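Q: First, the structure itself, so that you have it in front of you.
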Amino acid sequence: NPGFEETRDGTQVLREGRDNRSEWTTDLHGSTNCYIWQESAFSQHPDWGVPEFHSGQGAIRVHADLDCHTTIYQDVDVRPETTYTGSVWVRAADLHGKGFGQNGDDCAGLVLGELGDTNKLLAKHDLVALRKAGPYTQLSCAITTGKATTKVRFMLDTVLKCAYTEGHVTYDDCDFRMAGTLSK
C-alpha cells in the first residue's frame with residue numbers, strides 16, 4: 001500500500017498511541033490530540049487544506065490540535081550487504097502563515113532503520129527531511145545493509161508544531177527497492 005490507496009478513515013490519539021492499518025504501523029505522540037487520516041477525507045473540510053495527491057486517489061495526512069511527533073512505518077525483508085533505495089513524496093502545508101515550517105522544530109521526512117533477526121535496531125540512518133512548507137517533493141536515501149540485517153524499517157517521521165487549521169504534512173507514493181531494479 002505505498003500510495004495509501006487502501007487506507008480508509010484515520011485515527012485520533014490523545015497524547016500517545018499506536019495504530020495499525022493497511023500494512024502500516026503508526027506511533028503518535030503529542031501534548032494534545034494527534035491525527036493520521038486519509039487525504040481524500042479532507043474534501044469535507046477544505047478550510048483545513050484541500051486534498052492534494054502526488055498520484056492516485058490516496059495519501060496519508062498527519063496533523064494535530066497543537067503539536068505532534070508521529071512515525072508511520074513498515075518493516076521490509078531485505079538481504080544483508082545489499083544496497084537499497086527508499087523514497088517518498090512529501091507535501092508540507094502552511095495554510096495561513098502559522099503552519100508547517102514556522103517553528104524551528106518542524107520536519108517531515110524519511111528514515112531507514114536496519115533490524116536483525118530479533119527485530120532489534122542495528123542501525124538508524126540519517127533523516128532526510130523537509131523543514132519548510134511547499135509542494136510535493138521527493139525525498140530519498142540509499143543504504144547498504146549490514147551483515148546481520150534481515151529487515152529495513154521504512155519510517156515516515158513527522159514533527160509538527162501547529163494546529164490542523166494552520167498546517168499539516170501529507171505523504172504519498174512510498175518506494176523501497178534494491179539498487180538497480182526498475183520501478184513497477
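The values are calculated or read from the model by the stated rules, or taken from the named source; none is laboratory data. Everything numeric here is computed off the predicted structure, so don't read it as measured data. Note that each Cβ is placed from the backbone with ideal geometry, even for glycine, and that neighbours are counted across all protein chains shown. Protein only, heavy atoms only, side chains kept; ligands, DNA and RNA dropped before computing areas. Shrake-Rupley method; radii C 1.70, N 1.55, O 1.52, S 1.80 Å.
Q: So which residues in the stretch 117-144 are touching a Lys or Arg at 6+ places or on another chain (Cβ under 8 Å) and assigned to a loop (DSSP other than H, G, I, E, B), if there are any at all?
A: Of everything in the stretch 117-144, just one residue is touching a Lys or Arg at 6+ places or on another chain (Cβ under 8 Å) and assigned to a loop (DSSP other than H, G, I, E, B), namely N119.
Q: Could you run through the stretch 44-102 and say how many residues are open to solvent by 10 Å² or more (accessible area, probe 1.4 Å), of a type in the set (K, R) and in a strand (DSSP E or B)?
A: Within the stretch 44-102, residues that are open to solvent by 10 Å² or more (accessible area, probe 1.4 Å), of a type in the set (K, R) and in a strand (DSSP E or B) number 1.
Q: Something else now. Of T165, T181, T149, which residue is without any contact (Cβ under 8 Å) to a residue 12 or more places away in the chain and over 16 Å from the mean Cα position of the chain (by Cα)?
A: Matching residue, one of T165, T181, T149: T181.
Q: Another question, if that's okay. State whether the residues of the stretch 145-160 include one that is part of a strand (DSSP E or B), surrounded by fewer than 21 Cβ atoms within 10 Å (Cβ to Cβ) and among the β-branched types (V, I, T).
A: No, the stretch 145-160 contains no residue that is part of a strand (DSSP E or B), surrounded by fewer than 21 Cβ atoms within 10 Å (Cβ to Cβ) and among the β-branched types (V, I, T).
Q: Are any residues in the stretch 1-40 acidic (D, E), closer than 23 Å to V76 by Cβ and open to solvent by 30 Å² or more (accessible area, probe 1.4 Å), and if so, which ones?
A: Those that are acidic (D, E), closer than 23 Å to V76 by Cβ and open to solvent by 30 Å² or more (accessible area, probe 1.4 Å): E5, E6, E23, D27.
Q: Among L115, L110, which is the only one that is closer than 23 Å to H54 by Cα, at pLDDT 95 or above and not small (G, A, S)?
A: Result of the check over L115, L110: L110.
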